[in-house]
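Visitor: Below is a structure I'd like to ask you about.
The values are calculated or read from the model by the stated rules, or taken from the named source; none is laboratory data. Note that the structure is predicted; figures quoted are calculated from it, not measured. Cβ placement follows ideal geometry from the backbone for every residue including glycine, while neighbour counts extend to all protein chains displayed.
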Amino acid sequence: VDKVQHFAMAYGTAMFGYGVLRGAGASHDNAQAAALAGSLAAGLGKELYDRARGGPFSLKDLAWDALGTLAAWSLLSLNR
């Protein structure tokens, strides 16, 4: 369940970020790049936060974050 949550949050973060940026007037390419970078940064930040709190830094969680971001990228790439 945890890995599916990582996938879904990364996907949702990227898509939400894209929508907000496009709504603010950013071009498709700029909104896509910023949203995807933000999604990956959020996943990395979560793992760094977990580590700072004494938990594990999970490369598997980061991989699922990357897969969710990749799924968002593939759909956003169709939207031109």
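Visitor: Could you grab me the full set of residues in segment 1-59 that are in contact (Cβ under 8 Å) with a residue 24 or more places away in the chain and acidic (Asp, Glu)?
Guide: Asp2
Visitor: Say whether the condition of being touching a Phe, Trp or Tyr at 6+ places or on another chain (Cβ under 8 Å) and acidic (Asp, Glu) is met by at least one residue in segment 2-9.
Guide: Checking segment 2-9: not a single residue is touching a Phe, Trp or Tyr at 6+ places or on another chain (Cβ under 8 Å) and acidic (Asp, Glu).
Visitor: Yes or no: Asp2 at pLDDT below 95 and not β-branched (Val, Ile, Thr)? Spell out the reasoning first.
Guide: Working: at pLDDT below 95: yes; not β-branched (Val, Ile, Thr): yes.
Against the criterion (at pLDDT below 95 and not β-branched (Val, Ile, Thr)), Asp2 qualifies.
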